[in-house]
Amino acid sequence: VATPLTSTKYYVTVTNATGCSKKDSVLITVNNLPVIVKSKDTSICLNAQTTLSASGGSSYTWSPSTGLSNPNISKPVASPLVSTKYYVTVTTAVGCSKNDSIKITVNSLPVIVKSNDTAICKNTQAQLVASGGISYVWTPVTTLNNANTPNPFAKPITNTTYNVIATDGNGCTKTASVNVNIKPAPAITKSKDSLICSKASVNIFATGGISYSWSPMTTLNNPTSATPMASPSATTMYHVQITDAQSCTYNDSVKISVRPPAVFAVSANQQICEKTNQQLNAFGGDSYAWTPASFLDNPNINDPIANPEQTTIYSVTIRESTCNEAATLVTTLTVLPTPTVHATKSNDITCT
């Protein structure tokens, strides 16, 4: 048995029983083993893959074959489910072979603990919760206050599924999702904005909820009623918070404008000469009634012509029809007597 370290020619002398001999030789050529260049040991995340690599031969055999795309190529793709040491036998063209190995460590994915799916009221927010990683990315980002925190606040406009990618210390990631739905809003109606007279009252109302809270409360007879009576002294915006059967709250408002009180006026006291006339004036109403009616050209207009024979106190009742306000005002027309003229002479003067 020959075990040469290098190529060697062995000579043999063969002698038979009669003492005759002859020489021959055998050349043993020692071929070099393949020089294997391989990829390094590495780690991957569960459900990920990596490419194994070996070179230096003409054929390759990898084992175990489980999780390999092809165990008979130099660079198979490995997708192990558990940590695995892969062995490779590299064979040269002359049949020399050598073994080596590569260890693939499979890291488990992070275990994400997340908040449950939830339903929120319109225009409110919900806090999302995730744990199990060292960094987080939430999507969609548009309705989140911070997409890179484990516990962002979400304020969606419509039903939204939020996805979070959690990454652990090994760089492995896992995705989870939380559904945030918007509770259906009730059909809310309210009274229209309106205009009322000063010192008047009006019913305002809202529907669609199970409880109501109106403000300001001071001019309402019952601020927790769906139909309170409002008695504002000035134009007021009444705000109502409506709570529905799902404990969601909605805000609305009703504007009640108050007409300013009517401003009535009559012309000031005046003086006239006897047998002359003077125009009277009253303002602020829709109808007018002057007394006494005598010596007036029309007692039912705002600016009649008066020609009294003597000093007269005129009163006018002014009415405003929109809010039915009225007032009676007076003005005095003093009649001054005409002067008595006396002409005298001392004597007649002629030319004679």
Seminar exercise, completed: Counting only residues that are closer than 17 Å to residue 158 by Cα and of a type in the set (Ser, Thr, Tyr), the range 121-142 contains a total of 3
For this session: Report, by residue number, each residue of the range 194-208 that is assigned to a loop (DSSP other than H, G, I, E, B) and open to solvent by 50 Å² or more (accessible area, probe 1.4 Å).
Result: 199, 201, 205
Problem set entry | Condition broken by residue 285, with the remaining ones in (1) more than 30 Å from residue 197 (Cβ to Cβ); (2) in contact (Cβ under 8 Å) with a residue 24 or more places away in the chain; (3) surrounded by 12 or more Cβ atoms within 10 Å (Cβ to Cβ) satisfied | (1)
Problem set entry | Residues that are surrounded by fewer than 17 Cβ atoms within 10 Å (Cβ to Cβ), under 25 Å from the mean Cα position of the chain (by Cα) and not in a strand (DSSP E or B), drawn from the range 209-251 | 245, 246, 247
For this session: For the range 31-56, enumerate the residues that are assigned to a strand (DSSP E or B), among the aliphatic types (A, V, I, L, M) and open to solvent by 40 Å² or more (accessible area, probe 1.4 Å).
Result: 37
Seminar exercise, completed: Scanning the range 259-276 residue by residue, those surrounded by fewer than 18 Cβ atoms within 10 Å (Cβ to Cβ) and either touching a helix residue (DSSP H, G or I) at 6+ places or on another chain (Cβ under 6 Å) or not in a loop (DSSP other than H, G, I, E, B) (or both) turn out to be 265, 270, 271, 272, 273
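Residue by residue, here is whether (1) under 26 Å from residue 161 (Cα atoms); (2) modelled with pLDDT of 95 or more; (3) open to solvent by 50 Å² or more (accessible area, probe 1.4 Å) holds:
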position: 87; (1), (2), (3): no, yes, yes
position: 98; (1), (2), (3): no, no, yes
position: 112; (1), (2), (3): yes, no, no
position: 115; (1), (2), (3): yes, no, no
position: 123; (1), (2), (3): yes, no, yes
position: 128; (1), (2), (3): yes, yes, no
position: 138; (1), (2), (3): yes, yes, no
position: 146; (1), (2), (3): yes, yes, yes
For this session: Please tell me if residue 59 is farther than 30 Å from residue 184 by Cβ, among the small types (Gly, Ala, Ser) and surrounded by fewer than 16 Cβ atoms within 10 Å (Cβ to Cβ).
Result: yes
Exercise. Out of (1) at pLDDT 95 or above; (2) more than 30 Å from residue 169 (Cβ to Cβ), the odd one out for residue 17 is which?
Worked result: (1)
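The values are calculated or read from the model by the stated rules, or taken from the named source; none is laboratory data. All figures in this text were calculated on a predicted structure; none of them were measured in a lab. Backbone-built Cβ (ideal geometry, glycine too); neighbour counts: all protein chains shown. To get the accessible areas, we keep the full protein, side chains included, count just its heavy atoms, and leave off ligands, DNA and RNA. Shrake-Rupley method; radii C 1.70, N 1.55, O 1.52, S 1.80 Å.
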